[in-house]
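Novice: Below: one structure in structure tokens.
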Amino acid sequence: MLKLKVLKVVNLFDYDAHFKDCIAGIKREGRYRSFANLERITGRFPKAIYRPDNGGEPREVTIWCSNDYLGMGQHPVVVNASREALENSGAGAGGTRNISGTTRYHVELEESLADLHGKEAALVFSSGYVSNEGALGTLGKMLPDCIFFSDALNHASMIHGVRDSKAEKRIFRHNDVEHLEELLKAADPARPKIIAFESVYSMDGDIAPIEEICDLADQYGAMTYIDEVHAVGLYGPRGGGVAEERGLMHRLDIIEGTFGKAYGCMGGFITGKAEVIDTVRSFASSFIFTTSLPPSVLAGARASVEHLKVSDIERQRAWRNARHLKARLDAADLPYMKGDSHIVPLVVGEPNCCREVSNLLMEEHNVYVQPINYPTVPKGTERLRLTATAAHTIEDIDAMADILIHMWETHHGLIRAVA
């Protein structure tokens, strides 16, 4: 007689329900992020074509949150260099840097970057995130018994690199050199140390006390690692960053930057002494195993770097615009975080309100500003991060200021002052 096997009923994990709950949770908190479908138009930035998700008619909007601070993403020098490299060498690099992916475009760009920062060598990565993660992770692993001293507001990519290194870490209060010294003083003088910090903190718009940090590094025998991603191209007489502007590049061991912001392209890099850069090149997994950037991107980045070494027109225009925007907001007593940088964070202070302000700007005024919510910024400090680029006109800025003032007066309570 045939015996039937009785199967035990097992409650299997419901993956779909779990992920739906994850999304529902961030929607309840007002942290769900939607992407605007934007089409940049060469020669017309900061204007772009917006295509609504609801099937509405495409329309022109003005972008007010771009990192293309100098409008170099549309500059003829950059566009032409990218086009020429694409036509000469094709679309892709063909592999990693180790496997046929190194081109003359890499070599020329790295030579240009070393010259920019007055360093012996440079290394190009696929993004600024990867350059931080790869460099810090590798340095922490290669230095025996290393301790990181990391600013509390460092970017996620720096946190990732420090964590990946498995090295010991000490977090100092943001831009607090007295707290940094307390931590350095408590550490074993013989242990290798790296102080990792940014020059321009993009969410608050403030700038690090670079000279004081370098003084402490000299006193306590630490290496310095500075992230200049929001400063390269825009600060300094040749675009070398805040460290160049303050005459401090020679005191920094490693300067990290990106092509994705003021240079208007894509990719990241580090510069420093040849043996340090070669160590990162030889041991960083995120560099070794990543397909190389294509020739068109590299050529465009180099053209942008070289152009901004000699042209100050774009920088002057961007700073004029930033000053004008701040003056208009000051006159209206609008609640923005005041700092020395070009970035203007307008604090709303509640995620749902922040999203609502962003939606009103887009739907009623054709202005695009992405809301910045937790975890990018602490809860209760949600904000609109405004950037007046070199491509904005004074008329653009006045129009934006008028809109914000009108919203403040008619939607009182949506935007609340910083405590």
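The values are calculated or read from the model by the stated rules, or taken from the named source; none is laboratory data. In this text the structure is predicted, and so the values were computed from the model without any measurement. Glycine also receives a Cβ, built like all others from the backbone with ideal geometry; neighbour counts cover every protein chain displayed. Protein only, heavy atoms only, side chains kept; ligands, DNA and RNA dropped before computing areas. Shrake-Rupley method; radii C 1.70, N 1.55, O 1.52, S 1.80 Å.
Listed here are the residues, each with its yes/no results for (1) crowded, with 19+ Cβ neighbours inside 10 Å; (2) in a loop (DSSP other than H, G, I, E, B).
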{"residue": "Val162", "(1), (2)": "yes, no"}
{"residue": "Leu180", "(1), (2)": "yes, no"}
{"residue": "Lys185", "(1), (2)": "no, no"}
{"residue": "Pro189", "(1), (2)": "no, yes"}
{"residue": "Ile194", "(1), (2)": "yes, no"}
{"residue": "Asp204", "(1), (2)": "yes, yes"}
{"residue": "Leu216", "(1), (2)": "yes, no"}
{"residue": "Ala231", "(1), (2)": "yes, yes"}
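Conditions (1) among the aromatic types (Phe, Trp, Tyr); (2) surrounded by fewer than 17 Cβ atoms within 10 Å (Cβ to Cβ); (3) within 28 Å of Thr138 (Cβ to Cβ); (4) more than 19 Å from the chain's Cα centre (by Cα), marked per residue:
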position	(1), (2), (3), (4)
Ile288	no, yes, yes, yes
Ala299	no, no, yes, yes
Asp330	no, yes, no, yes
Gly339	no, yes, no, no
Gly349	no, no, no, yes
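Novice: Condition first: open to solvent by 30 Å² or more (accessible area, probe 1.4 Å) and touching a helix residue (DSSP H, G or I) at 6+ places or on another chain (Cβ under 9 Å). Now tell me which residues in region 381-395 satisfy that. Please lay out each step first, then the result.
Specialist: First, the residues of region 381-395 that are open to solvent by 30 Å² or more (accessible area, probe 1.4 Å): 381, 393-395.
Listed by number, the residues that qualify are Thr393, Ile394.
Novice: Please tell me if Ala390 is in contact (Cβ under 8 Å) with a residue 60 or more places away in the chain and out of contact with any Lys or Arg (no Cβ under 7 Å at 6 or more places or on another chain).
Specialist: No: the conditions fail for Ala390.
Novice: Okay, next question. Quick one: Ser292 ticks every box in (1) open to solvent by 10 Å² or more (accessible area, probe 1.4 Å); (2) closer than 30 Å to Ala401 by Cβ; (3) among the polar types (S, T, N, Q); (4) touching a residue at least 40 places away in the same chain (Cβ under 8 Å) except a single one, so which number is it?
Specialist: (2)
One line per residue, one yes/no per condition, for (1) touching a residue at least 12 places away in the same chain (Cβ under 8 Å); (2) within 30 Å of Ala85 (Cα to Cα):
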position	(1), (2)
Lys309	yes, yes
Gln316	no, yes
Pro335	yes, no
Leu346	yes, no
His365	yes, no
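Novice: Quick one: would you say Arg173 is within 30 Å of Val305 (Cβ to Cβ) and open to solvent by 30 Å² or more (accessible area, probe 1.4 Å)?
Specialist: Considered against the rule, which asks whether it is within 30 Å of Val305 (Cβ to Cβ) and open to solvent by 30 Å² or more (accessible area, probe 1.4 Å), Arg173 comes out as no.
Novice: Would it be correct to say that Arg315 is under 16 Å from Arg97 (Cα atoms) and among the charged types (D, E, K, R)?
Specialist: Working: under 16 Å from Arg97 (Cα atoms): no; among the charged types (D, E, K, R): yes.
Criteria not met by Arg315.
Novice: While we're looking at this one, here's another question. Out of region 73-93, which residues are over 25 Å from the mean Cα position of the chain (by Cα) and free of Cβ contacts under 8 Å to residues at least 12 places away in the same chain?
Specialist: Glu87
Novice: For region 164-178, which positions are farther than 19 Å from Glu211 by Cβ and either assigned to a loop (DSSP other than H, G, I, E, B) or aromatic (Phe, Trp, Tyr) (or both)?
Specialist: Taking region 164-178 as the starting set, the residues that turn out to be farther than 19 Å from Glu211 by Cβ are 164-171.
Residues satisfying the conditions are Lys166, Ala167.
Novice: Filter region 267-279 for residues that are over 21 Å from the mean Cα position of the chain (by Cα) and not basic (Lys, Arg) and give the result. Show your work before the answer.
Specialist: Of all residues in region 267-279, those over 21 Å from the mean Cα position of the chain (by Cα) come to 273-279.
Ala274, Glu275, Val276, Ile277, Asp278, Thr279 - these are the residues of region 267-279 that are over 21 Å from the mean Cα position of the chain (by Cα) and not basic (Lys, Arg).
Novice: Tell me which residues, restricted to region 304-325, are in contact with a Lys or Arg (Cβ under 8 Å, 6 or more places away or on another chain) and surrounded by fewer than 21 Cβ atoms within 10 Å (Cβ to Cβ).
Specialist: If the condition is that a residue be in contact with a Lys or Arg (Cβ under 8 Å, 6 or more places away or on another chain) and surrounded by fewer than 21 Cβ atoms within 10 Å (Cβ to Cβ), then Lys309, Val310 are the ones that fit.
Novice: Show the residue pairs that are 6+ apart or on different chains and have beta-carbon atoms under 7 Å apart, the first residue being within region 202-214 and at pLDDT below 95, the second being part of a helix (DSSP H, G or I).
Specialist: Qualifying pairs under 7 Å: none.
Novice: How about region 104-137: which of its residues are surrounded by fewer than 23 Cβ atoms within 10 Å (Cβ to Cβ), of a type outside the set (Asp, Glu) and either part of a helix (DSSP H, G or I) or touching a Lys or Arg at 6+ places or on another chain (Cβ under 9 Å) (or both)?
Specialist: Arg104, His106, Val107, Ser112, Ala114, Lys119, Ala121, Tyr129, Val130
Novice: Can you tell me which residue within region 245-273, out of those that are within 14 Å of Glu198 (Cα to Cα) and in contact (Cβ under 8 Å) with a residue 60 or more places away in the chain, is most open to solvent (accessible area, probe 1.4 Å)?
Specialist: Met249
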